[in-house]
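Q: There's a structure below that I have some questions on.
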Amino acid sequence: MPVDIGLLSIDIDGNDYWIWKAIECIKPINGAAEFNAVFGDNYPLTIPYDPLFDRNKSHYSNLYFGASLPALISLGVEKEYTFIGTTSSGVNSFFIRNDYAPNISSCIKSITSYPSVHRESRDRQGNLSYLDGYD
């Protein structure tokens, strides 16, 4: 596989941060990674690496998974990527490799991150509780 690929997208509801951190054999131009908006936007937080991680079994709320946006941005900086925004639904973050960033920076009016609009939390009995990140 060539070192340069166009896009790497990571969305596995768990070890996303750790998978991206471990990938060294390729250097994608663009990256997309799911983040957990419930972890907030103040601190770089991630679940500990667990090769057997199962989001549905890790916590009854179904909200314990992945990494915060600041954690992914920090990892992106470490891997030489520029953060360029999130989906408006607050689920996926996007990055571009630093050597390509100047090609698009003039086209981006503002870099924005959005809170999650998904309400998939569960109570202890497994019923949807529809809590948001603030709750």
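The values are calculated or read from the model by the stated rules, or taken from the named source; none is laboratory data. Bear in mind that the values here come from a model prediction, so they are computed numbers and not experimental data. A quick note on method: Cβ atoms are made from the backbone with ideal geometry, for glycine too, and the neighbour counts reach across all protein chains shown. The protein model used for the area step is the full one, side chains on, heavy atoms only, and it has no ligands, DNA or RNA in it. Shrake-Rupley method; radii C 1.70, N 1.55, O 1.52, S 1.80 Å.
Q: With the condition being more than 15 Å from the chain's Cα centre (by Cα), I'd like the helices (runs of 4 or more DSSP H) fully within region 29-106 carrying at least 2 qualifying residues. Full working, then the answer.
A: Numbers: elements: 55-58, 69-78, 101-105.
The helices (runs of 4 or more DSSP H) meeting that bar are 55-58, 101-105.
Q: List every residue pair whose Cβ atoms sit under 6 Å apart, with the two residues 6 or more apart in sequence or on different chains, where the first one lies in region 1-19 and is assigned to a loop (DSSP other than H, G, I, E, B) and among the aliphatic types (A, V, I, L, M) and the second, anywhere, is open to solvent by 40 Å² or more (accessible area, probe 1.4 Å) and modelled with pLDDT under 95.
A: Val3/Lys27
Q: Okay, next question. Just to be sure, is Leu52 open to solvent by 50 Å² or more (accessible area, probe 1.4 Å) and without any contact (Cβ under 8 Å) to a residue 24 or more places away in the chain? Before the answer, list the steps.
A: Numbers: open to solvent by 50 Å² or more (accessible area, probe 1.4 Å): yes; without any contact (Cβ under 8 Å) to a residue 24 or more places away in the chain: yes.
When the stated conditions are applied, Leu52 passes them.
Q: Are any residues in region 55-81 of a type in the set (D, E, K, R) and open to solvent by 90 Å² or more (accessible area, probe 1.4 Å), and if so, which ones?
A: Within region 55-81, the first condition is being of a type in the set (D, E, K, R), and the residues that meet it are 55, 57, 78-80.
Answer for region 55-81, where residues must be of a type in the set (D, E, K, R) and open to solvent by 90 Å² or more (accessible area, probe 1.4 Å): Lys57, Glu78, Glu80.
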